[in-house]
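**Q** Quick one: this structure, given as structure tokens, is what I'll be asking you about.
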Amino acid sequence: MSGIGDFIGDLIKAAAKWVDKCLPEYEPSVWNSSTYVRQHNNCYNYGCDIQTNTYAQPGEAAGQKYTSIDCPAVTKAAKADGLKSVGNEQGCGCSECHHLVALVIKPTGSKDYHWYRRDRNGKWSHKMGGTPCTNLDNSNNIITDPKTADRGAYTIFCGYFCVNKSKVTIT
């Protein structure tokens, strides 16, 4: 029976290793070391884990950029780029190589959106515009879930999305 048990154990380890390679690692130096990279990649780039150096906007690559900043419009634009909406923070399943991101909106004054991403360690991080990426919320707490984190003025939680870097196109 140990042959089957060993096989199942090896299979589980291989699956876990495959999933791990798909999840972005929280490595601030990749995004923060170069002033050029930091200033030319925003929260959408960071969330998708794709450096384009273009300050990417949801829907722009698909020719369907949002026309207003609200949950339905930004969600539609992100989906046009290839992000997939999911119902909760539990994740994206294991059928493809992807990671989880979350969209929030600032409702008043200058409306704005912001993206968070779940990293390999299970915690969340984000990058506000041209500033350095961080894994801390507005109260300097490690982000365990952006839905419950202190997001400052970004009080509207739009939802979670899956990103498959090989199928998502952003510019």
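The values are calculated or read from the model by the stated rules, or taken from the named source; none is laboratory data. This one's a predicted model, so the numbers in the text were calculated from it and none came from an experiment. Cβ: placed from backbone, ideal geometry, glycine included. Neighbour counts: every protein chain shown. Calculation scope for accessible area: heavy atoms of the full protein, side chains included, ligands and nucleic acids excluded. Shrake-Rupley method; radii C 1.70, N 1.55, O 1.52, S 1.80 Å.
**Q** Give me the net charge for the shell around T155: Cβ to Cβ below 14 angstrom, other residues only, Lys and Arg +1, Asp and Glu -1.
**A** 0
**Q** While we're on this one: Between 0 and 90 degrees, rounded to the nearest ten: what's the tilt of helix 2-22 against the longest Cα principal axis of the chain?
**A** 20
**Q** Let me check I have the definition right: for region 28-68, take the eigenvalues of the Cα gyration tensor, multiply each by 5, take square roots. What are those semi-axes in whole Å, largest first?
**A** Details: eigenvalues 96, 15, 12 Å².
Taking √(5λ) for each Cα gyration eigenvalue gives 22, 9, 8 Å.
**Q** Here is a follow-up. Projected area of region 106-171, taken from the Cα convex hull and averaged over every viewing direction, in nm²?
**A** 5.4
**Q** Measure up K147/K167; K79/K123; K111/K167; K123/K147 against 21 Å on the Cα-Cα distance and list the ones that go over. Present the calculation step by step, with values, prior to reporting the outcome.
**A** Details: K147/K167 26 Å; K79/K123 24 Å; K111/K167 29 Å; K123/K147 12 Å.
In this structure, K147/K167; K79/K123; K111/K167 lie more than 21 Å apart at Cα.
**Q** What percentage of the solvent-accessible surface of the chain, computed with a 1.4 Å probe over protein heavy atoms, is contributed by carbon and sulfur atoms?
**A** Its accessible area is 53 percent carbon and sulfur atoms.
**Q** Here's something else I'd like to know. For the chain, report the accessible area per residue in Å² (1.4 Å probe, heavy atoms, rounded to an integer).
**A** Dividing the accessible area of the chain by its residue count gives 51 Å².
**Q** Using the Kirkwood radius built from alpha carbon pairs, what does the Stokes-Einstein equation give as D for the chain at 37 °C and 0.692 mPa s, in µm² per second?
**A** Working: Rh = 16.6 Å.
Approximately 198 µm²/s, per Stokes-Einstein.
**Q** Run the paramagnetic zone check for N53: 7 angstrom along Cα to Cβ, then residues of region 145-171 with backbone nitrogen under 16 Å.
**A** Taking a point 7 Å out along Cα→Cβ of N53, the residues of region 145-171 whose backbone N falls under 16 Å are 171.
**Q** Hey, another quick one. Roughly how tilted is helix 71-81, in degrees to the nearest 10 and between 0 and 90, from the longest Cα axis of the chain?
**A** Between helix and principal axis, roughly 60 degrees.
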